[in-house]
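J.: This is the structure I have questions about; it appears just below.
Quick note: the coordinates plus some simple rules give every number you see, no bench work behind them. All values reported here derive from a predicted model rather than from experimental measurement.
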Amino acid sequence: MIRATRVEGQHHWKAAGADTVVLGFDDRHRRRMAMTGTRGLKFLLDLENAIALRGGDALVLEDGRLIEVVAAAEPLAEIRVTDPQHLVRVAWHLGNRHLPTQIMAKGLRIRRDHVIEAMVKGLGARVIEIEAPFDPEGGAYAGGGHAAHDPSAHDHHDHHHHDEHCDHGDHQGYSHAHDHE
């Protein structure tokens, strides 16, 4: 099986893609995985390190062909705010809960979570249920906002843990290993 061994950054490639893979957020953080493109091309993603792929990236096959990565639509909550200060305030609360968050000019996107949605409504934000690609920020250790192309970068999913001592909402399967002071 032909292998994809490297990634060309988001829209930094020019050649036509030989095929396309449509992946949700969770499936875009991989190191090694058998994949089949939308046109039937079978290949093995075989990267040196797990990275966070983004919509618009290209996987480079051993023979030089490119496979375009498309971010799949998924259920999200789009959070709308009244002004930039309100955006910062709501974003701070989401960051304090270590939630993957996509930052946009006039709002934020998170995965659907009724507890968090109620919290941001309590902060005066409006929540709209949408289906859209999810492309959250990579976190403080991601180097430039996303860890997609820096194999040495940390990722939220690689280092963060939650436990029963957390005072924030849904832990999304993580346990917590640091204090909020």
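J.: Run down the lysines and flag those whose C-alpha is under 23 Å from the C-alpha of Lys42, throwing out any fewer than 8 positions away in its chain.
T.: Within the straight-line limit of under 23 Å, Lys42 reaches these lysines: Lys14.
J.: Binned at 5 Å from 0, what are the whole-percent values of the Cα-Cα distance distribution for the stretch 61-116, short to long?
T.: The calculated distribution, bin by bin, is 4, 16, 23, 19, 10, 7, 6, 7, 5, 2, 0.
J.: Here's another thing I want to ask about it. Check cross-link reach from Lys121 to the lysines: straight Cα distance under 21 Å, and skip same-chain residues fewer than eight apart.
T.: Within the straight-line cut-off, Lys121 pairs with Lys106.
J.: Output the Kirkwood hydrodynamic radius of the stretch 8-62, Cα pairs only, in Å rounded to one decimal.
T.: 11.7 Å is the Kirkwood radius here.
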